[in-house]
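The values are calculated or read from the model by the stated rules, or taken from the named source; none is laboratory data. Every value quoted in this text rests on a predicted model; they were computed, and no experiment measured them. Note that each Cβ is placed from the backbone with ideal geometry, even for glycine, and that neighbours are counted across all protein chains shown. Only protein heavy atoms, including side chains, enter the accessible area calculation; ligands, DNA and RNA are left aside. Shrake-Rupley method; radii C 1.70, N 1.55, O 1.52, S 1.80 Å.
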Amino acid sequence: MTKNAWQDDRGNKDRSITNPKPPSDAEPVRKGGKAVKAEGDSPFLIGDRMTGGYGTGANILNDCTVAVEKGEIAVIVGPNGAGKSTAMKAVFGMLNLKSGSVRLDGEDITALTPQDRVAKGMAFVPQTSNVFVSLTVEENLEMGAFLRKDDIRPTIAQVYELFPILKDKRRQAAGELSGGQRQQVAVGRALMTQPKVLMLDEPTAGVSPIVMDELFDRIIEVARAGITILMVEQNARQALEIADKGYVLVQGANAYTDTGKALLADPEVRRTFLGG
Amino acid sequence: MDPINAIVALLNFVVIPATAYGAQLAIGALGVTMIYGILRFSNFAHGDTMAFGAMCTILVTWLFQSWGLHLWVLPTALLALPFGIAATAALLIFTDRAVYRFYRRQKAAPVILVIVSMGVMFVMNGLVRFIIGVEDQNFLDGERFIISARTFKEMTGLDEGLAFKTSQGLTIVTAVVVVAALFWFLNRTRTGKSMRAFSDNEDLALLSGINPEKVVTYTWIIVAGLATIAGVLYGLDKSFKPFTYFQLLLPIFAAAIVGGLGSPIGAIAGGFVIAFSEITVTYAFKKVLGYFAPGGWEPDSLMQLLSTDYKFAVSFAILIIVLLFKPTGLFKGKSV
Amino acid sequence: MTHQIRAIGMFAAVFALIALTGFTSSWNVALGIINMGLISAIMALGVNMQWGYAGLFNVGVMGFVALGGLGAVIVSMPPVGEAWATGGLRVLLALAVALGTIVAAIKLWGRMAPGRARGLAMLALLVVGFFLFRFLFDPAVEAIEAVNPAATGYLGGLGLPVLLAWPIGGALAAGAAWIVGKTALGLRSDYLAIATLGIAEIIIAVLKNEDWMTRGVKNVIGIPRSPVPYEIDLQNSPGFVEKMTAWGFDPVTASSIVVKLCYASLFTAVLLLLLWASQMALNSPWGRMMRAIRDNEVAAEAMGKDVTGRHLQIFILGSAICGLAGAMMTTLDGQLTPGTYQPLRFTFLIWVMVIVGGSGNNWGSVLGGFLIWFLWVEVEPIGLWLMDVITSGMADGSALKTHLLESAAHMRLLTMGLILLLVLRFSPRGLIPER
């Protein structure tokens, strides 16, 4: 039995009265918080000494820090269950932190809701269900720009330039696309806010190696355009190769932190995480 | 053999009433399906929301009538409709803030929301009975018929009359307008698209900066509009009696499920499927068949498959048959 | 331990409220509340089995209760010989044809290869079966309903003792539940709620329209009581009148109280038996399996448990209990009035009892049954009193005052809704939570 009596559905699966789509698992930061000027010098984006977990459950993150400098690529790697995705969600405000803070561009944004962080120039591509399957490709992009009030057509054109295949499929429902194309829609949707920071949670999960190389190329292209990138990756070796900064997490805490190249060269890291 | 009279009789007794009833069910089912898509539960209070909306419209209609305010040949209720919608929207938003929002914050299981909606149903039902009573209320004024049976007979010289009531014509026109407006809203406007996006993927909507509370508020407003319109049209066409509205819950749920819960197109299709089968199966075909049969072969019995009291059985049977063959309803996939 | 004390306290409070009614208005009313409270408690037990043990959402309680009532008529009313002679066998034959057609259609669907031929064959079979049924059925019904329509006009029952009707009413409800459950739980996804909502309306439609069976809206009255005496017989018995007068009671009031006490003891016996059985079942391996399925269906299925089968089982069991309660209620009323079955009263009110009492807890359901029934009865006078107070300052004969006083009766539904919402909000596990 769950602790919250209102969440106990007694195993009821009656489709005629309840919608079976999975509920949102996020526990976003509540409305009302404000960003405050941060003291001292810190990286462009930093999740600083974050501790927390879902609901009243055990902590998944333990004093975990991830940071990235402007225009650089930072990669989080680590074994399954290390809390990589949770760290990303925490940085994005999808999880209430027990302690620690998140700072962006000289401001402390720990109390901001995910929507407010979108407005501050952050964009996040989740690992799964990262497109609106019943919306067309173009509508997906429009939703990405939901908070913008200006003309979004130039940005749509830029996304189509980056991912030409999407232009041909613009009127198709995103759910009908292949896995690789869906990932392109997902990244495209996130770029629509013209973000300062793009956060990617395992963008290459479940796509073929050729598509994967293609996606990495595009990500580098995005970074060259001046967008800061924070990324979680399963394919640690390839990801660290393009990373300016790498974080190895184990059980929700920092195990190794260095430049991508240095981590790849570190025999200890190679032996334990990169398979020799 | 007299096929023209047969067709006129069929139009008069089956096609026109079923189209009007189907349109009313469809608008009702659209409301149910919207809540199912966005708030993830079936709202047991929907029938009573329709009753509440119709009641508010009736009260304003009476007020207008007492002022001598009329709308030419059309029912005065049309003039009162916006006020009815506004009152219902206010009630639904108040209910959401006072009742449902708490459970959303608790991330309550949808089935708990279904039970909550039962409580809301009791309260709304009591409220309507308290304010307007349980009796039949007639509030139709203006011209009763677009074509009356007698005029039609005189015009055409046929034996069969064809009556087309104003309320039926109004229902069909309003339904077309409402459905077109709703689809335009959902597919063309930013807010409408954000509602579809939210229904499709809550987390991603959040990541895109879509405010869930706003989506929910818009949903209740639209539902208030749909429920009030459905309730008023039904009341104009038949009559207003709170208990009948409560009983509409079954055909409306059946329509929404047959069409595929969460799918607006499905809700409309489902409404017509249920209405046409209910009326066809419970209609006495004696007259129609009599015109078709060669002289001397006219049927003796009523040729009625089931008594009208079994109309629920028909909606139910259609529901089961559809679910046996298409477990997710006629239109699956496209969510609100 | 505190848990038990709390539960005992709750029960004491509810019975104190009922006793208060006895002291302030009349013991007749108080006993009336207790009798219907006992029946409500049994209905709530049935729904609690389905929702509390297995998470099954039954919104057709009304239908199963009404079937129980039908059972009481069929078992205990005297048979109408003339009606049987004119059309009894023909009706039975027609029903057999209908049943045969449906069974044949299902078999045919299973046997033939999928394709257009199968669809056409099935359709042909159903159409032929339907017309054969109507050919046999219609004249027979007409004949039966023509037999002394003012007093009978139906087949009557078997003329057996009414106590026998209780299990038979339960069995009828179980049969209907089997059909519903088999269909709705057998679909690829679970559609039980809408199925029960529909079947309940259909059952009521049948009871209202099949006059040959239930006299429809003409109602069956005077259902024999068998073991319980009639008030009039008590009043005519010199021994009873003498004894009551000696004890200082009015014989007329006393007779009705004695009758109610007789029912109360019968109902209490049934309730205690059911409560004992369900507590035993809940703590047996069967009950543990039920909870295991409820809490994690996937795991239970992986362990080889037949989840759908168990769900069907518990759905039938719970519905049978509702049917039993329905038969008891019809016995208590002494009549079957199909027009009075309304979903708010017979489906959703029972749900309020279960939720308020505490889902998953049998004692909670019993408490909920008594408490909610007490309120259902008492809210009306309280509402009237409240309106009297509110309107006391208004001018006599003002439209608002008249309206408020007239509408006081409708406070009932509003109150039930508020109670449900308040309990869900502030005590979501109910008054006596499941441990």
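Can you pull out the residues in region B:91-122 that are over 18 Å from A:D8 (Cα atoms) and touching a residue at least 24 places away in the same chain (Cβ under 8 Å)?
Answer for region B:91-122, where residues must be over 18 Å from A:D8 (Cα atoms) and touching a residue at least 24 places away in the same chain (Cβ under 8 Å): B:L91, B:L92, B:I93, B:T95, B:D96, B:V120, B:M121.
Exactly one of (1) within 14 Å of another protein chain (Cβ to nearest Cβ); (2) of a type in the set (A, V, I, L, M); (3) open to solvent by 20 Å² or more (accessible area, probe 1.4 Å); (4) under 30 Å from A:W6 (Cβ atoms) is unmet by B:A90. Its number?
(1)
Out of the residues in region C:299-322 that are over 24 Å from the mean Cα position of the chain (by Cα), in a helix (DSSP H, G or I) and not small (G, A, S), state the one that is nearest to the other protein chains (Cβ to nearest Cβ).
My answer is C:V307.
Name every residue in region B:173-190 that is open to solvent by 50 Å² or more (accessible area, probe 1.4 Å) and within 13 Å of the chain's Cα centre (by Cα), in order of residue number.
Across region B:173-190, the qualifying residue is only B:V176.
Identify, from the list C:G309, C:G304, C:G318, C:G287, the residue that is surrounded by 14 or more Cβ atoms within 10 Å (Cβ to Cβ) and over 22 Å from C:A165 (Cα atoms).
C:G287
So if I check each of C:G63, C:G46, C:G69, C:G37, which one is in contact with a strand residue (DSSP E or B) (Cβ under 7 Å, 6 or more places away or on another chain) and at pLDDT 95 or above? Steps first, answer last, please.
On the way: C:G63 fails: in contact with a strand residue (DSSP E or B) (Cβ under 7 Å, 6 or more places away or on another chain); C:G46 fails: in contact with a strand residue (DSSP E or B) (Cβ under 7 Å, 6 or more places away or on another chain); C:G37 fails: in contact with a strand residue (DSSP E or B) (Cβ under 7 Å, 6 or more places away or on another chain).
Result of the check over C:G63, C:G46, C:G69, C:G37: C:G69.
Which of (1) open to solvent by 10 Å² or more (accessible area, probe 1.4 Å); (2) free of Cβ contacts under 8 Å to residues at least 24 places away in the same chain does B:G126 not meet, given it meets every other one?
Unmet condition: (1).
Does region C:271-284 hold any residues that are buried (at least 19 other Cβ atoms within 10 Å of the Cβ) and not polar (S, T, N, Q), and which are they?
C:L271, C:L274, C:L282
Mind listing whichever residues of region B:238-269 are polar (S, T, N, Q) and either more than 9 Å from every other protein chain (Cβ to nearest Cβ) or open to solvent by less than 10 Å² (accessible area, probe 1.4 Å) (or both)?
First pass over region B:238-269, keeping only residues polar (S, T, N, Q): B:239, B:244, B:247, B:263.
B:S239, B:T244, B:S263, listed by residue number.
For region C:136-143, does any single residue satisfy the condition of being modelled with pLDDT under 90 and among the hydrophobic types (A, V, I, L, M, F, W, C)?
Checking region C:136-143: not a single residue is modelled with pLDDT under 90 and among the hydrophobic types (A, V, I, L, M, F, W, C).
Scan C:N148, C:N209 and give me the residue that is touching a residue at least 40 places away in the same chain (Cβ under 8 Å) and either open to solvent by 20 Å² or more (accessible area, probe 1.4 Å) or within 9 Å of chain B (Cβ to nearest Cβ) (or both).
Working: C:N209 fails: touching a residue at least 40 places away in the same chain (Cβ under 8 Å).
Going through C:N148, C:N209 in turn, just one is touching a residue at least 40 places away in the same chain (Cβ under 8 Å) and either open to solvent by 20 Å² or more (accessible area, probe 1.4 Å) or within 9 Å of chain B (Cβ to nearest Cβ) (or both): C:N148.
Filter region C:184-206 for residues that are of a type outside the set (V, I, T) and surrounded by fewer than 22 Cβ atoms within 10 Å (Cβ to Cβ) and give the result.
C:L185, C:G186, C:L187, C:R188, C:S189, C:A205
Quick one: which of C:M416, C:M411 is in contact (Cβ under 8 Å) with a residue 60 or more places away in the chain and facing chain B (nearest Cβ under 10 Å)?
C:M416
Would you point out the residue of region C:420-435, among those that are crowded, with 18+ Cβ neighbours inside 10 Å and facing chain B (nearest Cβ under 8 Å), that is nearest to the chain's Cα centre (by Cα)?
Narrowing region C:420-435 to residues crowded, with 18+ Cβ neighbours inside 10 Å: C:420-421, C:423-424, C:428-434.
Narrowing further to those that are facing chain B (nearest Cβ under 8 Å): C:420-421, C:424, C:428.
Working: C:L420: 20, C:L421: 24, C:L424: 24, C:P428: 25 Å.
Residue satisfying both the conditions and the ranking: C:L420.
Looking at region B:100-120, is at least one residue part of a loop (DSSP other than H, G, I, E, B), within 14 Å of chain C (Cβ to nearest Cβ) and open to solvent by less than 30 Å² (accessible area, probe 1.4 Å)?
Step one: filter region B:100-120 for residues part of a loop (DSSP other than H, G, I, E, B), giving B:106-109.
In the following step, the residues that additionally are within 14 Å of chain C (Cβ to nearest Cβ) were identified as B:106-109.
Of the ones still in play, those that are also open to solvent by less than 30 Å² (accessible area, probe 1.4 Å) are B:108-109.
Within region B:100-120 (the criterion being part of a loop (DSSP other than H, G, I, E, B), within 14 Å of chain C (Cβ to nearest Cβ) and open to solvent by less than 30 Å² (accessible area, probe 1.4 Å)), the answer is yes, since at least one residue qualifies.
Among the residues in region A:17-26, are any away from every other protein chain (no Cβ under 14 Å) and in a loop (DSSP other than H, G, I, E, B)?
The answer is no, given that none of the residues of region A:17-26 is away from every other protein chain (no Cβ under 14 Å) and in a loop (DSSP other than H, G, I, E, B).
Exactly one of (1) in contact with a helix residue (DSSP H, G or I) (Cβ under 6 Å, 6 or more places away or on another chain); (2) within 14 Å of chain A (Cβ to nearest Cβ) is unmet by C:N296. Its number?
The number of the failed condition is (1).
Quick one: which of A:V131, A:V137 is surrounded by 23 or more Cβ atoms within 10 Å (Cβ to Cβ), without any contact (Cβ under 8 Å) to a residue 60 or more places away in the chain, more than 30 Å from A:R271 (Cβ to Cβ) and under 16 Å from the mean Cα position of the chain (by Cα)?
A:V131 is the lone residue from the list that is surrounded by 23 or more Cβ atoms within 10 Å (Cβ to Cβ), without any contact (Cβ under 8 Å) to a residue 60 or more places away in the chain, more than 30 Å from A:R271 (Cβ to Cβ) and under 16 Å from the mean Cα position of the chain (by Cα).
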